[in-house]
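Structure provided below as structure tokens; questions to follow.
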Amino acid sequence: MGIIIASIVLVLLVAVIIINGYNHLVTLKKRYENAYAQIDVQLRRRHDLIPNLVETVKGYMAYEKETLEAVIAARNAAIAATTQAAAAPGDPQAMQQLGQAEAALTGTLGRLFALSESYPDLKADKSMGQLMEELRSTENRIAFARQAFNDAVTLYNTKREVFPSNLVANTFNFREAQLLEESSPEVKQVPRVSF
């Protein structure tokens, strides 16, 4: 009789450990998915600001058509990567593509800002100043959201690797989530937007 009770207690204990581990992993996964949603909001805000920026600049920089087209092309690629990443937050391929697309966008914006320094009337334009301030603010928000996402992913990945959660993670196919990292050194700085 004692062996039966001990067996029942052991089975219940294992069931509690499995259920608790599973629920905790689900909670942490939802946390990093929510953190990515915050990045998504800020990236979309950034992407929405760019057409206004290009329209403002276009009148002053008539001879810089190639740069303006590069900015729009990079924005469109970033939107596509953002959409793909939103469908699978934490997916290694999606996070890598997003990082690369955002790096390319930041690079083309940097070229645009460098060229705009040559246009004094553009520097004095009030709407340009407002757009630049909004972009600067958005870049800061993206950085904070990225940090929150990476913290949530790190917590999830740590939980899925420690015992006994690793047994639950492997059994129920909880995959490792990928951090959202900048893919090039120049992205580590917010684009310079001084006017």
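The values are calculated or read from the model by the stated rules, or taken from the named source; none is laboratory data. What you are looking at is a predicted structure, and each value in this text was computed from that prediction instead of being measured. Don't worry about glycine lacking a Cβ; one is built from the backbone with ideal geometry, like all the others, and counts go over all protein chains shown.
Please go through segment 1-33 and pick out each residue that is of a type outside the set (Val, Ile, Thr), without any contact (Cβ under 8 Å) to a residue 60 or more places away in the chain, surrounded by fewer than 17 Cβ atoms within 10 Å (Cβ to Cβ) and part of a helix (DSSP H, G or I). Steps first, please.
Narrowing segment 1-33 to residues of a type outside the set (Val, Ile, Thr): 1-2, 6-7, 10, 12-13, 15, 20-25, 28-33.
Imposing the further condition that a residue be without any contact (Cβ under 8 Å) to a residue 60 or more places away in the chain reduces the set to 1-2, 6-7, 10, 12-13, 15, 20, 23, 30, 33.
Checking which are surrounded by fewer than 17 Cβ atoms within 10 Å (Cβ to Cβ) leaves us with 1-2, 6-7, 10, 12-13, 15, 20, 23, 30.
Selection gives Gly2, Ala6, Ser7, Leu10, Leu12, Leu13, Ala15, Asn20, Asn23, Lys30.
Now, a different point. Which residues, taken from segment 55-64, are surrounded by fewer than 18 Cβ atoms within 10 Å (Cβ to Cβ) and either within 18 Å of Ala101 (Cα to Cα) or hydrophobic (A, V, I, L, M, F, W, C) (or both)?
Ala62
Also, quick follow-up: Could you please give the count of residues in segment 104-113 that are surrounded by fewer than 20 Cβ atoms within 10 Å (Cβ to Cβ) and in contact with a Pro (Cβ under 8 Å, 6 or more places away or on another chain)?
Within segment 104-113, residues that are surrounded by fewer than 20 Cβ atoms within 10 Å (Cβ to Cβ) and in contact with a Pro (Cβ under 8 Å, 6 or more places away or on another chain) number 2.
Given (1) more than 18 Å from the chain's Cα centre (by Cα); (2) at pLDDT 90 or above, identify the lone condition not met by Ser194.
Single failed check for Ser194: (2).
Please go through segment 82-103 and pick out each residue that is hydrophobic (A, V, I, L, M, F, W, C), more than 17 Å from Leu49 (Cβ to Cβ) and either in contact (Cβ under 8 Å) with a residue 12 or more places away in the chain or surrounded by 19 or more Cβ atoms within 10 Å (Cβ to Cβ) (or both). Talk me through it step by step, then tell me what you get.
Here is the first cut: in segment 82-103, the ones hydrophobic (A, V, I, L, M, F, W, C) are 85-88, 94-95, 98, 101, 103.
Remaining after also requiring more than 17 Å from Leu49 (Cβ to Cβ): 85-88, 94-95, 98, 103.
Result: Ala85, Ala86, Ala94, Met95, Leu98, Ala103.
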